[in-house]
Amino acid sequence: MFTGIVEELGELTELRALDGAARLSIRGAAVAEGTRHGDSIAVNGVCLTVAGIDGDVFTADVMKETLDRTALGSLAPGARVNLERAVRADQRLGGHIVQGHVDGTGVVAGREPSEHWETVRFTLPPGLARYVVEKGSIAVDGVSLTVAALHDDGFSVGLIPTTLSLTTLGRRAPGDLVNLEVDVIAKYVERLTEAHRTRAAS
């Protein structure tokens, strides 16, 4: 489990195609420290298992389905990526509960800079819209954000200078693809209420 609080901006150093998969090599000195084989690291919001580590570079294997369903497949060597190690039980939950299981992808629809923050608008797949509420939480490329407003085709967030400088969201341009993970609690609530409605109707 993660919190959506990015620890550092890493760099994709290699993306090697395998049979039905790919192996990513990522440089990240902060997250590599103390990391061992089998540990989990979120890369742009995608939970990956560390397959190997050499100094400040770790490798992770990614299935083709993950490459197809997330924005990881669009990355090229040299790309900056958001990195976060799995949260420990004794740590503060600074953002919200993030599983690292991407629900879909969106597109940066626009940016509106202002003096102290920037409003960024994203498209949202129709199937995810019901899980997103104003002032609720959503993870964009693994960054825990608060939904500022809802739109017919998406949502917008306000990004403070810290988020703009310490995550990839400060570099995303209109048209760029991003990973989206909605609040898992909303999905559990929907599932439970569906079961209740089914029993009530029978």
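The values are calculated or read from the model by the stated rules, or taken from the named source; none is laboratory data. What you see is a predicted model; the values in this text were computed from it and never measured. Using ideal geometry, Cβ is built from the backbone for each residue, glycine included, and neighbour counts are taken over all protein chains shown.
Scanning the range 9-46 for residues that are touching a residue at least 40 places away in the same chain (Cβ under 8 Å) and assigned to a helix (DSSP H, G or I) turns up Ala30, Val31. With respect to Ser114, determine if the residue is closer than 23 Å to Phe155 by Cα, of a type in the set (S, T, N, Q) and either modelled with pLDDT under 95 or surrounded by 16 or more Cβ atoms within 10 Å (Cβ to Cβ) (or both). Criteria met by Ser114. Listed by first and then second residue, the pairs linking a residue in the range 132-155 that is among the basic types (Lys, Arg) to a residue that is surrounded by 15 or more Cβ atoms within 10 Å (Cβ to Cβ) and modelled with pLDDT of 95 or more, with Cβ atoms under 9 Å apart and 6 or more places separating them unless they lie on different chains, are Lys135/Val147; Lys135/Ala148.
Residues are listed down the side, and each one gets a yes or a no for (1) over 24 Å from Asp103 (Cα atoms); (2) modelled with pLDDT of 95 or more; (3) surrounded by fewer than 16 Cβ atoms within 10 Å (Cβ to Cβ):
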site: Glu8; (1), (2), (3): no, yes, no
site: Ala21; (1), (2), (3): no, no, yes
site: Ile26; (1), (2), (3): no, yes, no
site: Gln91; (1), (2), (3): yes, no, yes
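Could you tell me whether any residue of the range 98-107 is free of Cβ contacts under 8 Å to residues at least 12 places away in the same chain and part of a strand (DSSP E or B)? Scanning the range 98-107 turns up no residue that is free of Cβ contacts under 8 Å to residues at least 12 places away in the same chain and part of a strand (DSSP E or B). Exactly one residue out of Thr49, Thr59 is part of a strand (DSSP E or B), under 17 Å from the mean Cα position of the chain (by Cα) and not assigned by TED's automatic domain parsing to the domain that holds Gly170, and it is Thr49.
For the range 173-193: of the residues being modelled with pLDDT of 95 or more and part of a loop (DSSP other than H, G, I, E, B), which is surrounded by the fewest Cβ atoms within 10 Å (Cβ to Cβ)? Let's see the steps before the verdict.
Start the filter on the range 173-193 by keeping residues that are modelled with pLDDT of 95 or more, which leaves 173-182.
Then drop every residue that is not part of a loop (DSSP other than H, G, I, E, B), which leaves 173-176.
Details: Ala173: 7, Pro174: 11, Gly175: 9, Asp176: 16.
My answer is Ala173.
Counting the residues of the range 147-163 that are among the hydroxyl-bearing types (Ser, Thr, Tyr) and in a strand (DSSP E or B) gives 1. Checking each residue in the range 129-142 for being surrounded by 14 or more Cβ atoms within 10 Å (Cβ to Cβ) and farther than 22 Å from Val81 by Cβ picks out Ala129, Tyr131, Val132, Val133, Gly136.
In the range 143-170, the qualifying residues are those that are among the small types (Gly, Ala, Ser) and in contact with a Ser or Thr (Cβ under 8 Å, 6 or more places away or on another chain), and the one that is surrounded by the most Cβ atoms within 10 Å (Cβ to Cβ) is Ser144.
Per-residue answers, yes or no, for (1) among the aromatic types (Phe, Trp, Tyr); (2) out of contact with any helix residue (DSSP H, G or I) (no Cβ under 9 Å at 6 or more places or on another chain); (3) not in a helix (DSSP H, G or I):
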residue	(1), (2), (3)
Leu67	no, no, no
Leu72	no, no, no
Glu84	no, no, yes
Arg92	no, yes, yes
Gly110	no, yes, yes
Val120	no, no, yes
